[in-house]
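The values are calculated or read from the model by the stated rules, or taken from the named source; none is laboratory data. Values in this document were obtained by computation on a predicted structure and should not be read as measured data. Methodologically, a virtual Cβ is constructed for each residue, glycine included, from the backbone with ideal geometry; neighbour enumeration extends over all protein chains shown. Keep in mind that these areas ignore ligands, DNA and RNA; they rest on the heavy atoms of the full protein, side chains included. Shrake-Rupley method; radii C 1.70, N 1.55, O 1.52, S 1.80 Å.
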Amino acid sequence: MSLFPTALPPSEAIPLRGGPALRWGVLAPGRIAGGFVWALHQHTDQRVHAVASRSAERAGHFAATYGIPRVHESYEQLVADPHVDIVYVASPHSEHKRQALLAIAAGKHVLVEKPLALDAGEARDIARAARAAGVFAMEALWSRFLPQTLLIERLLRDGVLGDLRLVMADFGGRFDFDPEGRVFNPALGGGALLDIGIYPIWLAHFVLGPPPRVHATGSLAQTGVDGQAALVLSYDTGAQALLHTTLFAETPQEAVIAGTHARLQIDSRFFTPGGFTLQAARSDQRLRWIDPSGIHGSEGLAYQAAAVARHIAEGRTESPMHPLASSIALLETIDAARGQLGLSGRTG
C-alpha cells in the first residue's frame, strides 16, 4: 500500500501578530539590518526602539528611514539602554562575537546574524556567556522558521519520504569583486561558506543531522577567502548531502530531499518563503505546495522575530527550533570544509 499522502497538511506557521512584543535595538545598520527591520515593522507587533553605528550619520539615516526613535552614538550606549529588551547584531561576521558578548554582558537578549561567529570556538564562547548570564541567545538562521520549513519538518517526522538517502542544495551568486568589502575581505570574515554556503549546510543538518564525515574541494578568491566549494557530507546510515556554494556565478539555488518513498523538491531560493513539490517514488503521484501567506523574500525574516519573542515570553534562553548547539554544529562543518580548502578555522 502506498504511503504517499492524498493531500498535504496545512503548515503550522508561527503567528506573526497577537503575541508578546519586544523592544529591539540594532547594532551595525546596513542592508541586512534594513531588511530585518522592515519585515519586523511590516508583519509583526515587534518594534525597533534604538539603533547604533560607528557612524552617527549612518545611524541617523537608518533611524529616519525606518522610524526608529532612538539613535545611540556607540554600541555600549545601546546595550545599556533600559528601553531595549533584545539586541540584533547585523555587523560583518568578524564582529559577531565581540558585539554579542557586549550585549550579553549588559544583560540583554541577543539575536546574531548568521553565522553565529567566525568558527565553532567563538560560537561556544557566545553560548557559554549567554548561559552564564541567563539571557536568550540565537543565531538568525531565518529559514528554519519559515512556514515551508515547518511543513517539511512535519513530513519528515511522519516518514512520508521514507528512509532519507540524499540532500542536494546549492547557493551561488555572482558578487562584484571588492577586496575591501564584506564578502571578499578575510578580515571581515569573507568567503562563500560563511556567507551563503551556510544555507545548504543548514538544510543538510536540518534533514540528516550533523555529519560524521565532511569532504570538501574548491577554490579561493584573489583575497584568499573561499570563493567556491563543493561538499559531500556522509552519514553512518549511508545517506549523503551534496552541497555547493560559490561567489562567482548564479546557481539555481534549489534543494532536493530524496527518500525511499518520495522526493521533495524545494523551489529556487529554497531558503526564502516559497513552495515545493512532493513526488512519489516510481509513480506519477505528486503534490504541490505554495506558501499562501503572500510573504516573499526577506519579508520572511519576520517569522524568526516572532518566534524569538515567544521563546523569551516562555522563559526560554534558547530556541528549541534552532538551539545554540545547532549553530555550533553548523560551524564545525564549515570549519572542517574550510580546513580542507587550506584555510584556518578563523578568517580574520
Within segment 242-265, track down each residue that is in contact with a helix residue (DSSP H, G or I) (Cβ under 8 Å, 6 or more places away or on another chain) and more than 16 Å from G172 (Cβ to Cβ). I257, L264
Within the group I334, I328, which residue is at pLDDT 95 or above, touching a Pro at 6+ places or on another chain (Cβ under 9 Å) and of a type in the set (A, V, I, L, M)? I334
Would a scan of segment 26-33 turn up a residue that is among the β-branched types (V, I, T), within 28 Å of R182 (Cα to Cα) and either open to solvent by less than 30 Å² (accessible area, probe 1.4 Å) or touching a His at 6+ places or on another chain (Cβ under 9 Å) (or both)? yes
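Across segment 41-75, what is the total count of residues that are out of contact with any Leu (no Cβ under 7 Å at 6 or more places or on another chain) and either of a type outside the set (G, A, S) or surrounded by 18 or more Cβ atoms within 10 Å (Cβ to Cβ) (or both)?
Summing the residues that are out of contact with any Leu (no Cβ under 7 Å at 6 or more places or on another chain) and either of a type outside the set (G, A, S) or surrounded by 18 or more Cβ atoms within 10 Å (Cβ to Cβ) (or both) in segment 41-75 gives 21.
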Before we move on, is G19 buried (at least 18 other Cβ atoms within 10 Å of the Cβ), small (G, A, S) and not in a helix (DSSP H, G or I)? no
From the list T277, T251, T272, T260, pick out the single residue that is open to solvent by 40 Å² or more (accessible area, probe 1.4 Å) and either in contact with a Ser or Thr (Cβ under 6 Å, 6 or more places away or on another chain) or hydroxyl-bearing (S, T, Y) (or both). T260
Residue tally, condition at pLDDT 95 or above and open to solvent by 40 Å² or more (accessible area, probe 1.4 Å), over segment 161-207: 16
Are there any pairs with C-beta distances below 8 angstrom linking a residue in segment 42-57 that is in a helix (DSSP H, G or I) to a residue that is open to solvent by 50 Å² or more (accessible area, probe 1.4 Å), with the two at least 6 apart or on different chains, and if so which? H43/R17; A56/V71; A56/E73
Filtered residue count, segment 310-339, keeping only those that are surrounded by 24 or more Cβ atoms within 10 Å (Cβ to Cβ) and touching a Gly at 6+ places or on another chain (Cβ under 9 Å): 4
Just to be sure I understand the filter: pairs with C-beta atoms under 6 Å, separated by 6 or more residues or on different chains, first member in segment 226-251 and closer than 13 Å to L193 by Cβ, second member acidic (D, E) and part of a strand (DSSP E or B). Which pairs pass? H244/D170
Might you let me know whether segment 86-101 holds any residue that is over 23 Å from the mean Cα position of the chain (by Cα) and closer than 22 Å to L301 by Cα? no
